[in-house]
Amino acid sequence: MTSTPQFPWANTDNLDDAEFVIIGVPDEGGSHAHRSGAWQAPDTIRRVAHEREVFERAGIRSISLPGKNAAQRRIFDYGNVAKADIRHLVEDLVRRGKIPVTMGGDHSITAEILKGIDAVRPVNIVYFDAHPDFVCSSREYYGSVVCDISEYKNVRFSSSAEIGIRAPEPEELENLLRKNLLVIRPLELEEKGAAQIFRELKERVKGDLYISFDMDAVDPAFAPGVAVPVPGGISSSKALYLVEELAGLGLIGMDVMEVCPPCDLQDMTSHLASRLMMAAICGAVNPSP
Ligand SMILES: [Mn+2]
């Protein structure tokens, strides 16, 4: 039996001391995709990050620092939990001033996480995805996440946005308009540039930010390991830039969802997922102790 290493940047064994809590949810019960394997993502992300981000020089082990604040962050790896348990775990962590960083699993897990946050405080969302996930005619699966959370009392769509959208269903376009949720398409990001898009998001979102990152927001050239890839996505460098800058607006939680290790090439999507998690952690300002 092989044991999965911890997320390599985890640097405290004391949950009470942690600012950021990494959690895996190896579940894809809410997926309708033809390709499966997202349940394998949490342990794959940990393993790949460990293989590629840890260095040994003159017998001393060190870890690459993907952002300027990485060394000062106190990060705890909680391990994996069942989907049925994530809501109450997140609620407890947020009440204690901690920032949950969750690895799915399929995207429907985000609705459970946000239930936990919604019980504690207001939340604005930046939702990276190729798909709006705004189907309302079918519910509680990975395609209805945004419809499901639209009914939560503390989720504020007027200060939220979706980014990376390029494969909507007709019903989803109607729902986006009806709920006045801002949509930024990949081409807009190309035309205006990442810095300008960040300024526009900053105007709208302000703070209390939850970042949900479906890896299919990224172009399959950078992230082929997803269940439902769509060409024409955002680049990995723009994704990392936006996540780190957005986190500086006041991060209260983050997730990376829909990594599908059996669909991947050379684990590149898992590696990007770990980098995105660290971009959020490094970018967050003044996390509570
Ligand atoms: Mn999604």
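Since every read-out is calculated from the coordinates, none of them should be taken as a lab result. Small disclaimer: the values here were computed from a predicted structure and weren't measured. We place every Cβ from the backbone using ideal geometry, glycine too, and count neighbours over all the protein chains shown.
For this structure, a couple of remarks:
- Sorting HIS50, HIS88, HIS271, HIS131 from the fewest to the most surrounding beta carbons within 10 angstrom yields HIS88, HIS50, HIS271, HIS131.
- Rh by Kirkwood over Cα pairs, then Stokes-Einstein D for the chain at 0.890 mPa s and 25 °C, µm²/s: 132
- Of all aspartates and glutamates in the structure, those lying under 12 Å Cα to Cα from LYS202, and not within fewer than 8 positions of it along the same chain, are GLU245.
- Counting only Cβ charges, +1 for Lys and Arg and -1 for Asp and Glu, the dipole size of the chain around its Cα centre is about 820 debye.
- Unit charges at the beta carbon, dipole of the chain: most positive-side option, ASN124, ASN180, ILE149: ASN124
- Antiparallel bridges, percent of DSSP beta bridges restricted to the stretch 15-283 (to nearest 5): 15
- Principal-axis tilt of helix 236-247 within the chain, Cα atoms, nearest 10 degrees: 90
- Relative contact order of the chain, pairs being alpha-carbon contacts under 8 Å that are 6 or more residues apart, as %: 23
- Alpha-carbon centroids, the stretch 218-289 and the stretch 54-91: separation in whole Å: 15
- Estimated vicinal HN-Hα couplings, Hz - the stretch 58-71 in sequence order (Karplus 6.51, -1.76, 1.60; Gly, Pro = x): 6, x, 9, 8, 9, 10, 5, 10, x, x, 5, 9, 4, 5
- Between 0 and 90°, nearest 10: helix 194-205 axis offset from the chain longest Cα axis: 70
- Estimated 222 nm signal from helices in the chain, with DSSP H stretches of n ≥ 4 weighted -39500 (n - 2.57), rounded to 500: -10000 deg cm²/dmol
- Top positive-direction residue, dipole computed over the stretch 15-283 with Cβ charges, set THR110, ASN69, PHE20: ASN69
- Beta bridge orientation in the stretch 1-160: antiparallel %, DSSP, nearest 5: 30
- Listed as lacking a disulfide-compatible partner in the chain: CYS282, by the criterion of no other cysteine Cβ under 4.7 Å.
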